[in-house]
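Trainee: Could you have a look at this structure, given as structure tokens, before my questions?
Please treat every number below as a calculation from the coordinates, not as lab data. On a predicted model such as this, the values are computed, not experimentally measured, just so you know. Using ideal geometry, Cβ is built from the backbone for each residue, glycine included, and neighbour counts are taken over all protein chains shown.
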Amino acid sequence: MQAAELLVECLEREGVEHVFGLPGEETEDLLFALRDSEVRFVPCRHEQGAAFMANVHGRLTGEAGVCLSTLGPGATNLMTGVADANLDKAPVVAISAQGGLERLHKESHQALDIVGLFEPITKWNTRISEPEIVHESVRKAFKLAEYEKPGATHLEFPEDVAAEDTSAEPLPNRGNVQRPDPDLESVERVVDLLAGANRPIVIAGNGAVRTHAARELRAFVEETGAPVACTYMGKGALSDADEHSLMTLDSGHHEEASTAIEQADLVVTVGYDIAEHDPAGWNPSAETTIVHVDSAPAEVYEHYNPDIEVVADPGATLRALTGACADLGATYEESWYADLREGIVSDVAERGTADDVFTVRGALPYLRDALADHDVLLSDVGSHKMAIAQNYPTYEPNTCIISNGLASMGIAVPGAVAADLAVEHSVVAATGDGGFLMNAAELETAERLDCGFTVVLFVDDDYGLISEKQLEDRGEQFGTEIGNPDFEAFTESFGAEHYRPDSWPALESAFDQATSHDDLSVVEVQLG
Ligand SMILES: Cc1ncc(C[n+]2csc(CCOP(=O)(O)OP(=O)(O)O)c2C)c(N)n1
């Protein structure tokens, strides 16, 4: 069989259902091999969109999402979405074509050092330089992308190699790489710290959701009474309806979650990446006692130098800690943070009513009401993301998807395409006007695939987060104002439904209507 056919058989063996990408002349053999396979090729409108789709697929399912580009400009277009996956720890396998091996030693049409370009933005990355290594390369790309901590891998597939014959066969994915259990000595040391603490607090990060440690986290707080604040990407690790939840790290009108961390005498982090949230924010003195529970050792950083690191499966560590705390009777008063939680809960519940001047914060309670606990909200990046992270109560893991590692604008709409394909629940993409128009062309992909998600589009004719910072720093703004198309005509030209509510009751009914049917829709919210 052809090497291209073998590569596609390997994808089938990995259980891949969709390859998101754009064609090129150099992917021709691969594309026709995909046509004749069980894998569905999804033509996208920009390689960045394809990479964001693979990224969100990986985050939601734990199985690597796959994106495909041609050589040169196709490969460079993939890079933002691939880098985003890598820093957000989402499993992605990116495949790009390359010119034939005979022309790569010299300047030639569209040829770039793609492996060199992907080197700093992937966990692993190689050229498939001969047909006999296709099966090992693909298996390794998936294994490394999916294994803790997950990330992006990349395969460069030169067109002449793709066309050659091979006798190799796909390697089965035996899925037998287990995360280790914690060592007893570390657990005992943590238990000693917990036994001596009066006000321990848990910070749950991306890894708590990703490694499926939510059940164990819930059991731990139930047993001990310790409160939990999630990072933006850890949202849903503990339900925000739980009385132990302090929502997200900087939730609360008076930053109550941060106050709780200041008042705590021990911080236990679970699956926390400093790329996501700089610990200097909650540990400015660098004197907080920290326990690091994660699948990998902590990065070395002055403001994050844990007293104990338990490097193992986070769920298994929490199980061991819960058992030991139960034996010791190590429980804590909930009274020390009950008022702080109360402050956060009442702040978050405040819905917009005044003068029909729309704000993102005021809209969120209506959006929350329109969605069920398991429905998925994806946020783009901007001022609206901060509001969503801090004020959108989340009840289940993986139901509020935020990019906070690379934090790239433009992820929400393509991400919603992948989410719509991956989950049975309703999907909403919330985005600013800046991020929306970066990848709005994927609305055509969505319509073609018959996706039924809702875009909530917050319009302020501005790169809002940036002007907010400029105004705060220097009282004036520059370089942030933008214009917009007629979003009604724009949306309808894709065949999607458009809503532009002009009052809070109309906004409530637009959210209800748009999220309750199966058609693609855009709810345009003109901010005051
Ligand atoms: C690809 C990319 N370019 C630039 C930035 C820097 N940036 C962060 S937020 C932001 C503004 C976002 O504007 P918009 O999408 O309208 O959302 P808003 O802040 O108004 O809610 C910019 C430019 C980024 N994070 N990602």
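Trainee: When only C-alpha pairs under 8 Å and at least 6 residues apart count, what is the relative contact order of the stretch 409-465, in percent?
Mentor: Working: 76 pairs, mean separation 25.1, N = 57.
RCO, the stretch 409-465: 44 percent.
Trainee: Using only the alpha carbon atoms of the chain, find the Kirkwood hydrodynamic radius as the inverse mean reciprocal pair distance, in angstroms to one decimal. Before the final figure, lay out the partial values.
Mentor: Details: mean 1/r = 0.0416 Å⁻¹.
This gives a value of 24.1 Å.
Trainee: Considering only the other residues whose Cβ falls under 9 Å of the Cβ of GLY432, what net charge follows from Lys and Arg at +1 and Asp and Glu at -1? Don't jump to the answer; show the numbers that get you there.
Mentor: On the way: positive: LYS385; negative: ASP380, ASP433, ASP460, ASP462.
Net of charged neighbours comes to -3.
Trainee: Can you pull the three principal axis extents for the Cα set of the stretch 100-158, in Å, largest first?
Mentor: Result, largest extent first: 38, 26, 12 Å.
Trainee: Same structure again: Compute the projected area of the convex hull of the Cα atoms of the stretch 195-348, averaged over all viewing directions, and report it in nm² to one decimal place.
Mentor: Working: hull surface 31.2 nm².
With every direction weighted equally, the projected area is 7.8 nm².
Trainee: Looking at the square roots a ≥ b ≥ c of the eigenvalues of the Cα gyration tensor of the stretch 1-84, which shape do they give, rounded for a/c under 1.5, prolate if a/b is larger than b/c, or oblate? List each step's numbers first, then the result.
Mentor: Values: a/c = 2.09, a/b = 1.17, b/c = 1.78.
Cα axes put the stretch 1-84 in the oblate bin.
Trainee: Find the percent of Cα-Cα distances in the stretch 23-150 that exceed 26 Å, and round it to a whole number.
Mentor: Details: 1248 of 8128 pairs.
That tail contains 15 percent of the Cα-Cα pairs.
Trainee: Out of the GluC sites (Glu not before Pro) in the stretch 159-192, which ones are loop residues according to DSSP with at most 16 other C-beta atoms within 10 Å?
Mentor: Numbers: sites: GLU159, GLU164, GLU185, GLU188; in loops: GLU164.
Here the sparse-neighbourhood loop sites are GLU164.
Trainee: Let me check against my output: what whole-number percent is the relative contact order of the stretch 230-380, with C-alpha pairs under 8 Å and at least 6 apart? Intermediate values should be presented prior to the final figure.
Mentor: Details: 173 pairs, mean separation 29.7, N = 151.
In percent, rounded to a whole number, it is 20.
Trainee: Calculate the FRET efficiency for LYS106 and GLN477 from the Cβ-Cβ distance with a Förster distance of 51 Å, rounded to the nearest 0.05.
Mentor: Details: r = 48 Å, r/R0 = 0.95.
It comes out at approximately 0.60.
Trainee: Taking only the C-alpha atoms, wrap a convex hull around the stretch 57-118 and report its volume per residue in Å³ as a whole number. Working shown, then result.
Mentor: On the way: hull volume 4.5 nm³, N = 62.
Output value, Cα hull per residue: 73 Å³.
Trainee: Okay, moving on. How much mean residue ellipticity at 222 nm does the chain get from its helices, if each DSSP H run of length 4 or more adds -39500 (n - 2.57) and you divide by all residues, to the nearest 500 deg cm²/dmol?
Mentor: Details: 21 runs with 216 residues, N = 528.
It comes out at -12000 deg cm²/dmol, rounded to the nearest 500.
Trainee: With just the Cα atoms of the stretch 381-528, tell me how far they stretch along each of the three principal axes, in Å, largest first.
Mentor: For the stretch 381-528, the Cα spread along each principal axis is 46, 35, 30 Å.
Trainee: Once you order the gyration tensor axes a ≥ b ≥ c over the Cα atoms, which shape class does the stretch 78-231 get: rounded for a/c under 1.5, otherwise prolate or oblate by comparing a/b with b/c? Write down the numbers at each step before the final one.
Mentor: Details: a/c = 3.93, a/b = 2.50, b/c = 1.57.
It comes out prolate by the Cα gyration axes.
Trainee: Net charge within 9 Å of ARG210 by Cβ-Cβ distance, Lys/Arg positive one each and Asp/Glu negative one each, not counting ARG210 itself? Intermediate results must be reported in sequence, preceding the final value.
Mentor: Numbers: positive: ARG59, LYS89, LYS149; negative: GLU148.
Net charge around ARG210: +2.
Trainee: P(r) for the stretch 310-391, please, calculated from all Cα pair distances in 10 Å bins and given in %.
Mentor: Histogramming the stretch 310-391 at 10 Å steps yields 14, 27, 26, 24, 8, 1 percent.
Trainee: What number comes out for the charge environment of ARG199, summing +1 per Lys or Arg and -1 per Asp or Glu over other residues with Cβ under 11 Å away?
Mentor: Working: positive: none; negative: GLU262, ASP265, GLU333, GLU334.
My count for the surroundings of ARG199 gives -4.
Trainee: Ignoring trypsin sites (Lys or Arg not before Pro) that are buried or in helix or strand per DSSP, and keeping those with at most 14 other beta carbon atoms within 10 Å, what is the longest stretch of the chain between them?
Mentor: Details: sites that count: LYS106, ARG174.
So the longest stretch without any such site is 175-528.
Trainee: Pairs of Cα atoms under 8 Å, at least six residues apart: use those to get the relative contact order of the chain, whole percent. Working shown, then result.
Mentor: Details: 1241 pairs, mean separation 67.7, N = 528.
Relative contact order, the chain: 13 percent.
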